[in-house]
1. What number goes with the only condition from (1) in a helix (DSSP H, G or I); (2) within 16 Å of RNA strand B (Cβ to nearest atom); (3) β-branched (Val, Ile, Thr); (4) open to solvent by 30 Å² or more (accessible area, probe 1.4 Å) that A:ILE87 does not pass?
2. Taking A:THR263, is it without any contact (Cβ under 8 Å) to a residue 40 or more places away in the chain and closer than 28 Å to A:SER226 by Cα?
3. Output the qualifying pairs, or none if there are none: Cβ atoms under 6 angstrom, residues six or more apart or on different chains, first residue in the range A:57-75 and within 25 Å of A:GLN366 (Cβ to Cβ), second residue among the charged types (D, E, K, R).
4. If we scan the range A:214-230, do we find a residue that is surrounded by 18 or more Cβ atoms within 10 Å (Cβ to Cβ), under 21 Å from A:ILE44 (Cα atoms) and within 13 Å of RNA strand B (Cβ to nearest atom)?
5. Could you tell me whether A:LEU450 is within 23 Å of the chain's Cα centre (by Cα) and hydrophobic (A, V, I, L, M, F, W, C)?
6. Conditions: (1) within 13 Å of RNA strand B (Cβ to nearest atom); (2) open to solvent by 20 Å² or more (accessible area, probe 1.4 Å). A:LEU380 meets all but one. Number of the miss?
7. With (1) touching a His at 6+ places or on another chain (Cβ under 9 Å); (2) away from RNA strand B (no atom under 15 Å from the Cβ) as the list, and A:ASP18 as the residue in question, which single condition is left unmet?
8. Restricting attention to the range A:44-51, does a residue exist that is within 16 Å of RNA strand B (Cβ to nearest atom), closer than 14 Å to A:THR238 by Cβ and free of Cβ contacts under 8 Å to residues at least 60 places away in the same chain?
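The values are calculated or read from the model by the stated rules, or taken from the named source; none is laboratory data. Bear in mind that the values here come from a model prediction, so they are computed numbers and not experimental data. Here the Cβ is made from the backbone with ideal geometry for all residues, glycine too, and neighbour counts use every protein chain on show. Only protein heavy atoms, including side chains, enter the accessible area calculation; ligands, DNA and RNA are left aside. Shrake-Rupley method; radii C 1.70, N 1.55, O 1.52, S 1.80 Å.
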Amino acid sequence: MKLHNTLSREVEKFEPIDARLVRIYSCGPTVYDHIHIGNLSSFIFADTLRRVVMASGYKVKHVMNFTDVDDKTIRRSQEKYADLAPIEVLMKLTSEYSGVFLDDMKAVGNNVDAIDFVKATDSIDSMRTLIKELHEAGFAYVADDGIYFSIDKYRKSGKKYGQLTEITASSTSEARIQNDEYDKESVHDFALWKKQKTNEPAWPFELDGQDLAGRPGWHIECSAMSSGALGQPFDIHTGGVDLMFPHHENEIAQSTATKDDPTYAKYFAHNEHLLIDGNKMSKSLDNFYTLEDIRQKGFDPLAFRLLVLQAHYRKQAHFTWDNLEAAQNRLFNLYTFADLKHQPNAMSDVIEEQAYEGYEKFIDGQITDLGNDLDTPIALSSLSTYTRHIASKGYRQGIQAFLEALDRLYGLELSTRPDITDEQKQVIAERDKAKSDGDWQKSDELRDQLTDQGIGLRDTSKGAIWSRLRTR
RNA sequence: GGCGCCUUGGCGGAGCGGUUACGCGGAGGUCUGCAAAACCUUAUAGGCCAGUUCGACUCUGGUAGGCGCCUCCA
């Protein structure tokens, strides 16, 4: 398979560090609130990447973190629950929203069972260890409000700061310098550890006999958790394009400063933003939606998944309700196709007929398409064409396995569509009889009865075929 | 200002130097006792100006517009 690597800015052949196990790290959510659908699209990308790597024949270890301690989680937890100790309210808030996050993940078809989740607050120890190593090696210095990483030192050690983006002195905005309120030596330097302020949760930390009780910086969390869970270097690091700088750049610097090998992750895969009204969704602009908004408008969360998969992950996609409706119609068409598996009437008489290529060969083609830097739009395009063929020609033996294979690739839950009830089947049988008796009135009554239950019928030369009616 | 990306038919959204993307929506039709959300067929493109080429939506240069990052951020 091939994958675009931000390190080279090219689509590269994917060659794992160790072919026995591909190790993927995805920057996860900050669990202080509902995530918005832009965040969700990023996780749909990460989930799909893992599916494609697995379909290409690899075993995968996929790790995602929960950022459960940072400015936002602390602030929000204290706004929400004022009466408890700082650490307790933090845990209360973050465990609540971790649960909400996992529910959202499942709802949009991301396989959370295939991901190892790591909480930042469970990894404080390895963060302290890493910071101490950096300090001993001279890459970190203690300031009044915390411990900082020295980019100057890192550069002087011979490694490149700016592997993902071009970082130059002139690329830093004036505003950035003027608004700089931290007590650090140089503009780009970033906090590894922040000393406790009043009423903040804190973890003990001693360095050279100084009491530096406080909490980790954002970047160090990912460095510690990724190498803790996956070792270093690992294969693929994913995240949104906005994380390239400074977050991923800083992760690289922290994680490689004391190492001989300058490689932190072999591949960096970044997804583009989901735009709304032509702009990036953000909490500050208040122009975002959550999955709850999508549900409230009567849409299937999986329609959102399909909307995301219809566009290439490295291109900005546009979210509108019209687009979501189109995606939902497309999804329901796939469901109508999947529902045929319950209906012998929709099966082809001529099993050997090669009117369309076999299921296995088609799936191989899908994997090839998806393996081409996750070309989901092209793969879905051929899927549409293929399912249309099958729907018109009649399916063959093995459709259930076929649907399961599609689900492994796309997570659209095609293989688990339920059959109609026995009572409904009985009504169809009675209508068949009424029809053959020429009793059109009774036949139409029975058909209306099913319509009320959300089941539509169409008559074919082999008999009636049902489909679920659109609810929206 | 620095770095990067994008501009396709009614909407969304792809690949490709010469042949249908695909989806939704629209139009026409088929099967039917009627009907159909099912199937079939179909129309509508490639910001603008040059260049390369036998030939460009696809390559090159310019230009206009848009977006992202440079600060927490998927």
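1. In the conditions (1) in a helix (DSSP H, G or I); (2) within 16 Å of RNA strand B (Cβ to nearest atom); (3) β-branched (Val, Ile, Thr); (4) open to solvent by 30 Å² or more (accessible area, probe 1.4 Å), A:ILE87 misses (2) alone.
2. Details: without any contact (Cβ under 8 Å) to a residue 40 or more places away in the chain: yes; closer than 28 Å to A:SER226 by Cα: yes.
Yes, satisfied.
3. That search, which allows pairs on different chains as well, returns A:VAL60/A:ARG50; A:LYS61/A:ARG23; A:HIS62/A:ARG50.
4. Yes, the range A:214-230 contains at least one residue that is surrounded by 18 or more Cβ atoms within 10 Å (Cβ to Cβ), under 21 Å from A:ILE44 (Cα atoms) and within 13 Å of RNA strand B (Cβ to nearest atom).
5. Working: within 23 Å of the chain's Cα centre (by Cα): no; hydrophobic (A, V, I, L, M, F, W, C): yes.
Here the answer is no, as A:LEU450 does not meet what is asked.
6. A:LEU380 satisfies every listed condition except (2).
7. Here A:ASP18 clears every test but (1).
8. Within the range A:44-51, the first condition is being within 16 Å of RNA strand B (Cβ to nearest atom), and the residues that meet it are A:44-50.
Checking the rest, the ones that are also closer than 14 Å to A:THR238 by Cβ come to A:44-50.
Checking the rest, the ones that are also free of Cβ contacts under 8 Å to residues at least 60 places away in the same chain come to none.
No, every residue in the range A:44-51 fails to be within 16 Å of RNA strand B (Cβ to nearest atom), closer than 14 Å to A:THR238 by Cβ and free of Cβ contacts under 8 Å to residues at least 60 places away in the same chain.
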